[in-house]
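Here's the structure, in structure tokens; my notes come after.
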Amino acid sequence: MSRKQKLVEQLEKAQSVDDRDKIEHQLEQINTALDFLDRPGSKDAG
């Protein structure tokens with residue numbers, strides 16, 4: 001979660017469109033991973 005927070009802060013400071021695209025892509029990957037972990041039926045839920 002701290003990594004996500006740092007990326008969000010970088011996104012707010014990012015000046016170039018290229019930087020924003022890279023950061024947004026990383027955030028999407030993190031969100032996908034978090035969704036996967038939170039999904040009911042995962043092996044940790046049992």
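The values are calculated or read from the model by the stated rules, or taken from the named source; none is laboratory data. Everything numeric here is computed off the predicted structure, so don't read it as measured data. Note that each Cβ is placed from the backbone with ideal geometry, even for glycine, and that neighbours are counted across all protein chains shown. Areas reflect the complete protein model, heavy atoms only, side chains present, ligands, DNA and RNA absent. Shrake-Rupley method; radii C 1.70, N 1.55, O 1.52, S 1.80 Å.
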Review point. What are the pairs, 6+ residues apart or on separate chains, where a residue within the stretch 1-16 that is more than 23 Å from Leu37 (Cα to Cα) has its Cβ under 8 Å from a residue that is of a type outside the set (Val, Ile, Thr)?
Key: Gln10/Asp19; Leu11/Arg20; Leu11/Glu24; Leu11/Leu27; Ala14/Arg20
Practice item. Give the stretch 6-24 a look and list any residue that's open to solvent by less than 100 Å² (accessible area, probe 1.4 Å) and part of a helix (DSSP H, G or I), or say none. Key: Leu7, Val8, Glu9, Gln10, Leu11, Asp18, Asp19, Arg20, Asp21, Ile23, Glu24
Point to revise | Scan of the stretch 25-38 for residues that are surrounded by 10 or more Cβ atoms within 10 Å (Cβ to Cβ) and aromatic (Phe, Trp, Tyr), ordered by number | key: none
